[in-house]
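Chemist: For reference, the structure I am asking about is given below.
The values are calculated or read from the model by the stated rules, or taken from the named source; none is laboratory data. Computed from a predicted model, the values in this text were never measured in an experiment. Cβ placement follows ideal geometry from the backbone for every residue including glycine, while neighbour counts extend to all protein chains displayed. Protein only, heavy atoms only, side chains kept; ligands, DNA and RNA dropped before computing areas. Shrake-Rupley method; radii C 1.70, N 1.55, O 1.52, S 1.80 Å.
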Amino acid sequence: MSVQAVIFDMDGVIIDSEGFWQDSQIEVLAGFGIAITAQECEKYTKGKRIDEIARVWCERYSLAVQPLRLEEHIVSQVCQSIRTEGRAMSGLYQALRCFQANGYRMALATSSSQQIIAAVFDKLALWEWFEVVCSADDERFGKPHPAVYLTALFKLGLNAGECVVIEDSLNGFIAASRAQIKTFVVAPDYQEAKFSAAAGRYPALTELIEALELHAKPVLTGSC
């Protein structure tokens with residue numbers, strides 16, 4: 001069965017935003033007298049929806065604040081950082097041009113909210129590239145539940161065997177795997193054992209594109 005579409009995660013795959021999420025959580029929680037580290041953000045909240053992120057901190061530190069208020073503060077700061085400092089991940093536009101030139105449809109399946117998606121797509125001029133845009137924020141469950149990927153398949157009108165996913169987080173990788181979609185991991189920690197079942201593992205999109213023929217056939221065809 002030939003692949004028809006590539007489904008991208010967003011944070012850490014399309015935009016270099018993981019630092020924005022960490023800094024925003026650290027700053028917002030500092031306002032409530034709680035000191036957290038980037039390592040804690042990585043451990044407890046990477047790849048999660050904003051409502052789950054807020055709930056993690058509220059429960060972990062018994063904060064006297066509604067999770068929704070925490071969400072709003074974090075999202076506002078992340079959007080501001082994207083608008084002022086956001087930049088595409090290395091190789092993003094090369095990858096987009098490559099997949100488009102070879103006839104692949106492109107979709108987005110992210111844990112981020114529609115507000116964050118809009119900020120990223122405006123900043124990086126991405127609206128014309130993606131046929132389908134899905135947020136786990138619109139699902140009952142976020143990653144690692146496969147819901148957002150199943151929705152992407154439904155909107156594309158394709159089955160799992162006709163798509164591949166590009167992910168960077170363990171939660172996202174598990175979600176795509178549970179949806180039975182072959183997944184390529186593009187992340188700084190790509191060599192770690194947690195990603196050993198991936199279809200391919202690369203430090204950046206540039207390496208994925210360079211290795212396309214060698215590692216992707218017969219899943220993907222064509223050369224970039």
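Chemist: Size of the dipole of the chain about the Cα centre, Lys and Arg at +1 and Asp and Glu at -1 on the beta carbon, nothing else charged, in debye to 20? Intermediate values should be presented prior to the final figure.
Modeler: On the way: 20 positive and 28 negative charges, 93 e Å.
Here the size comes out at about 440 debye.
Chemist: Which sequence of Ser81, Ser90 reflects their accessible areas, 1.4 Å probe, from the largest down?
Modeler: Ser90, Ser81
Chemist: Let me check against my output: what whole-number percent is the relative contact order of segment 42-193, with C-alpha pairs under 8 Å and at least 6 apart?
Modeler: Across segment 42-193, relative contact order equals 20 percent.
Chemist: How far is it, in nm, from the label point at Glu128 to the one at Lys155 when both lie 7 Å from their Cα along the line to the Cβ?
Modeler: Rounded to a tenth, the inter-label distance reads 2.0 nm.
Chemist: Loop-only check: which trypsin sites (Lys or Arg not before Pro) in segment 30-101 are DSSP coil with at most 12 other Cβ within 10 angstrom?
Modeler: In loop regions of segment 30-101 (DSSP not H, G, I, E or B), the sparsely surrounded trypsin sites (Lys or Arg not before Pro) are Arg87.
Chemist: What are the radius of gyration and Dmax of segment 144-192, computed over its Cα atoms and given in Å?
Modeler: 10.7, 33
Chemist: With only Lys, Arg, Asp and Glu charged, each at its Cβ (+1 for the first two, -1 for the last two), find how big the charge dipole of segment 1-82 is about the Cα centre; round to the nearest 20 debye.
Modeler: 220
Chemist: Which longest run of the chain has no exposed loop site in it, a site being GluC sites (Glu not before Pro) in a DSSP loop with at most 14 other beta carbons within 10 Å, and the site itself not part of the run?
Modeler: Formally, the longest exposed-site-free interval is 1-127.
Chemist: Whole number please: convex hull volume per residue, Cα atoms of the chain, in Å³. Before the final figure, lay out the partial values.
Modeler: Details: hull volume 24.1 nm³, N = 224.
Once divided by residue count, the hull of the chain is 108 Å³.
Chemist: Around Gln94, under 12 Å between beta carbons, what's the net of Lys plus Arg minus Asp minus Glu among the other residues?
Modeler: Values: positive: Arg97; negative: Glu207, Glu210.
Value of the local net charge: -1.
Chemist: Rounded to the nearest angstrom and ordered from largest down, what semi-axes does the equivalent ellipsoid of segment 1-63 get from its C-alpha gyration tensor (root of 5λ)?
Modeler: Its equivalent ellipsoid spans semi-axes of 30, 13, 8 Å.
Chemist: For segment 111-168, which chymotrypsin sites (Phe, Trp or Tyr not before Pro) are in a loop by DSSP, counting at most 15 other Cβ atoms within 10 Å?
Modeler: Trp127, Phe141
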